[in-house]
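Peer 1: First, the structure itself, so that you have it in front of you.
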Amino acid sequence: MRANFLQRYLGFTAFGESHGEAMGIVIEDIKPNIDFPYKEVEEALAKRRPASSLYASGRREPDRFHVLSGVFEGKTTGMPICIVVYNKDARAEDYLALRDIFRPGHADYSWYQKFKIIDWRGGGRASGRETISRVIAGSMLDDYLKPIEVVTYPLSIGEMSVTTIDQEFSQKNELKWSDSSNYQELTTYLDRIQAEKDSVGGIVQCEINNIKAGLGDPVFEKLDANIAKAILSIGGVKGIEFGDGFQLASILGSESNDQMSTAGFISNHQGGILGGVSSGNTIRFRVAIKAVPSIGKAQKTIDINGNEKQIEIQGRHDICLIPRILPVIEAMIKLSLADAIAYQKLIAGENLDLKDYREAIDKIDEDILLALLRRMKISEAIGEYKKENNITIENKEREKELLAALHEKARILGLNTDLVSELWAKIIAESKRRQ
Ligand SMILES: Cc1cc2nc3c(=O)[nH]c(=O)nc-3n(C[C@H](O)[C@H](O)[C@H](O)COP(=O)(O)O)c2cc1C
C-alpha cells in the first residue's frame, strides 16, 4: 500500500526520517507555468520550526528547503518537483541508550510489531519531523484556495483554558495563546510541568472562513470524513469534533439545529458541514492533542527481548505540541479543501482546462480497469463454483440474453451497440479463459 502517498488534488509522496539525511516531498503531477510559492513555503516552515521556546524541542534546525527539480526560473515546468529539507541538527547518539527499548506512548512498540524493524533514531518516520512534508505541500495551495481563510488557535493547554480570544495577542507569544489575562499563569504551569519532567496536551480550535457551500462528496468522500482522516493522520492527534461535537449527543434537536433566515444560518452548532457537504457556514471543529509521549519522568516498559525496563527519556523533546502542531493542522485542512474544490470543479464543469479534462478521463479509465478486474475475479470464482458443481463453462443461451440486455441499455444511453458487442466479445472471451 502506498501509505506515504497522498492522492489528492496535489498528489505527493512524502519521505524522510527524523535522523536520516533529509525530509521531503515529490509532486509528480503539477501544472506547468505556475509561479513557485517560495515565500509561502518559507513562511509555513518557519511557523512549524521549534521556536526558541522553552517548551519546544531543543533541536535547532534551520529548515531551509531546496527545490531539486521541476522549477525553472521561478516557474513550475510540469515535471516532477522534488523538495528537500536536510536534517542538520540530528543527534542520533541521544537515542543510543533507548535503541532496543519501547518508549511508552510513542509508536515504537506497535511499529516494531508491524515492521519487525524500527528506526530508533528519534522515532524515524513516527517523529513529528515528518510533518515538514505536509507543511510544504499545504503552503503550495494558498493561491488555489483564495479567498478561504483557515484559522487555528489553542483553546486549552493541559488544565489551562483561554477565557477570551485575542488573535493579535496570540501572534505575539510563542505558545500562540490568545488570552493575555492568564498567559503568565500558563507559563508558570508549563514551567512546573517541565521541572517535573512531564508533558501536556491540549485542544485546538479550527475555523475555516469564506467557504462556499457544496464542497464534499457523499457518501464516502464527505468533507467532514476527509478532514477527520487528514487531521487524525498527524502524530499526537487523538480526537476531532465538528461544531458542538460530543455535546450534540445530549442536547435537543430544537437546540442543535441551525435555523435559517434570508440572511443565512442563525447559529452554527453543526460546524458548517451538513450531510458531508459544506453549508457555507464557517466550518468549525476542535482537535484533541495528547501530551508529548517522550518524558524525562521514570516510566516502566519492556525491551525488544521482552525484559522489563525503567526509562527516563533524555533527548530533545517538546513539552507541549500545541504551538508546533497548528501549522500542520492548517496544512492538512488546505490539502483536504483543495481536493474537495478540485472535485467540485470537475462536477460543475467550472474553469476546466485540458489538464482537468484529462484528469477526469484518467479517473474514468482507472474506474473501467478496476471494474474489469472485479469482473475477472468474479469470473474466476464462478469458474471454481462451476468446477465444484460439475456445471459446464460455456452457456450460449445466457451469453445471448446478456448481450441483448446490454444492447437495450446501450440504446437507452445513446451508446453505439456495435462498440458494445465488440468490447463485450473480448471481455467474455477473457472471462471464459479465466474460468
Ligand atoms: C509537530 C510535532 C512534534 C512532535 N514532537 C514530539 C517530541 O518532541 N517528542 C515526542 O515524543 N513526540 C512528539 N510528537 C508526537 C509523536 O510523533 C507521536 O505521539 C507518535 O508518533 C505516536 O503517535 P500517536 O500519538 O498518534 O499515537 C510530535 C508530533 C508532532 C505533530
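The values are calculated or read from the model by the stated rules, or taken from the named source; none is laboratory data. None of these values were measured; they are calculated from a predicted model. Cβ coordinates were reconstructed from backbone atoms using ideal geometry, including for glycine residues, and neighbour counts include every protein chain displayed. With ligands, DNA and RNA removed, areas are computed over all heavy atoms of the protein, side chains included. Shrake-Rupley method; radii C 1.70, N 1.55, O 1.52, S 1.80 Å.
Peer 1: Among the residues of the range 58-84, write down those that are open to solvent by less than 30 Å² (accessible area, probe 1.4 Å) and not small (Gly, Ala, Ser).
Peer 2: Selection gives ARG59, GLU61, ASP63, THR76, ILE81, CYS82, ILE83, VAL84.
Peer 1: Have a look at VAL85, VAL41, VAL26 and point out the one that is out of contact with any Lys or Arg (no Cβ under 9 Å at 6 or more places or on another chain) and part of a strand (DSSP E or B).
Peer 2: Being out of contact with any Lys or Arg (no Cβ under 9 Å at 6 or more places or on another chain) and part of a strand (DSSP E or B) holds for just one of VAL85, VAL41, VAL26, which is VAL26.
Peer 1: Of all residues in the range 312-342 being in contact with a Phe, Trp or Tyr (Cβ under 8 Å, 6 or more places away or on another chain), more than 16 Å from the ligand (Cβ to nearest atom) and not charged (D, E, K, R), which is nearest to GLY58 (Cα to Cα)?
Peer 2: ALA338
Peer 1: Just one of the numbered conditions (1) surrounded by fewer than 18 Cβ atoms within 10 Å (Cβ to Cβ); (2) in contact (Cβ under 8 Å) with a residue 12 or more places away in the chain; (3) more than 30 Å from LEU175 (Cα to Cα); (4) not aliphatic (A, V, I, L, M) is not true of GLU350; which one?
Peer 2: (2)
Peer 1: Testing GLU330 on (1) farther than 30 Å from ILE136 by Cβ; (2) among the acidic types (Asp, Glu); (3) open to solvent by 20 Å² or more (accessible area, probe 1.4 Å); (4) at pLDDT 90 or above, one condition comes back false. Which one is that?
Peer 2: Against the list (1) farther than 30 Å from ILE136 by Cβ; (2) among the acidic types (Asp, Glu); (3) open to solvent by 20 Å² or more (accessible area, probe 1.4 Å); (4) at pLDDT 90 or above, GLU330 comes up short only on (1).
Peer 1: Just wondering, is there one or more residues in the range 140-157 that are within 14 Å of the ligand (Cβ to nearest atom), assigned by TED's automatic domain parsing to the domain that holds GLU330 and of a type in the set (A, V, I, L, M)?
Peer 2: Scanning the range 140-157, I find no residue that is within 14 Å of the ligand (Cβ to nearest atom), assigned by TED's automatic domain parsing to the domain that holds GLU330 and of a type in the set (A, V, I, L, M), so the answer is no.
Peer 1: Same structure, new question: Any chance the range 386-406 includes a residue that's touching a His at 6+ places or on another chain (Cβ under 7 Å) and modelled with pLDDT of 90 or more?
Peer 2: For the range 386-406, residues touching a His at 6+ places or on another chain (Cβ under 7 Å) and modelled with pLDDT of 90 or more: absent.
Peer 1: Now for a different question. What residue, among those in the range 381-435 that are hydroxyl-bearing (Ser, Thr, Tyr) and assigned to a helix (DSSP H, G or I), is most open to solvent (accessible area, probe 1.4 Å)?
Peer 2: TYR385
Peer 1: Name every residue in the range 103-141 that is assigned to a helix (DSSP H, G or I) and open to solvent by 50 Å² or more (accessible area, probe 1.4 Å), in order of residue number.
Peer 2: Selection gives TYR109, SER110, TRP111, TYR112, GLN113, LYS114, PHE115.
Peer 1: Go through the range 312-324 and give me each residue that's open to solvent by less than 10 Å² (accessible area, probe 1.4 Å) and assigned to a helix (DSSP H, G or I).
Peer 2: ILE322
Peer 1: Separate question: Could you list, in sequence order, all residues of the range 282-311 that are buried (at least 23 other Cβ atoms within 10 Å of the Cβ) and more than 9 Å from the ligand (Cβ to nearest atom)?
Peer 2: Residues satisfying the conditions are ILE283, PHE285, VAL287.
Peer 1: From the list ALA230, ALA213, which residue is away from the ligand (no atom under 16 Å from the Cβ) and either buried (at least 20 other Cβ atoms within 10 Å of the Cβ) or assigned to a loop (DSSP other than H, G, I, E, B) (or both)?
Peer 2: ALA213
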